[in-house]
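Following: one structure in structure tokens, then a few remarks.
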Amino acid sequence: MAYDPDNIFAKIIRGELPSFKVYEDDHTFSFMDIFPQTRGHTLVIPKTAGEDLFGTEEKDVQAAIRTTRKVAAAIDKVLQPDGIRIAQFNRAPAGQTVYHLHFHILPVFEGVDFRHHNTEQADMDELKELAAKIAAEL
Ligand code: 5GP
């Protein structure tokens, strides 16, 4: 699939759509998922155009993984989950719905099931508060 420069995440990077940002550097951007599967579900994206793991230059994938590790460590401190899952989907049959490479950071709380992917919108006040707490650790 060709990269669409008007996908949601490209618009978030350009500031054309709002997001609850937790971290940004020259190469990457991280923000709260607004349909979280679990409390603290956060996304990390490279700033460069690339639809998935294979359509993105290796250096940009590396930058995104470095940021994923950094943001996940901050989430670990703030939310103290029992575990953290990192997920990344390539193409629709694998579950991809937004075609700009992204890594999911999913805190795992024992005994709490994940909500379905891309379904229930979060409470915006709670997301804002969480984003501020995570950002403060970075
Ligand atoms: P994918 O299914 O492509 O792996 O993940 C896309 C993710 O983007 C989903 O987890 C979905 O909840 C999230 N998402 C979809 N639209 C928006 C949006 O407008 N803002 C934010 N912050 N996340 C979104």
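FYI, it's all coordinate maths here, none of it is from the lab. What you see is a predicted model, and the numbers here were worked out from it, not measured in a lab. Neighbour counts are summed over all protein chains in view; Cβ atoms, including those assigned to glycine, are modelled from backbone coordinates with ideal geometry.
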With a cut-off of 8 Å between alpha carbons and a minimum separation of six or more residues, what is the relative contact order of the range 1-115 in percent?
30 percent
The range 8-136: C-alpha pair distances exceeding 18 Å, %
50 percent
Taking chymotrypsin sites (Phe, Trp or Tyr not before Pro) as candidate sites, keep only those in a DSSP loop with at most 14 other Cβ atoms within 10 Å, then name the longest stretch of the chain containing none of them.
55-113
At most 13 other Cβ atoms within 10 Å plus a DSSP loop assignment makes a site exposed; report the longest stretch of the chain without any exposed GluC sites (Glu not before Pro).
58-109
Lys pairs in the chain, Cα-Cα under 18 Å, at least 8 apart or on separate chains: how many?
13
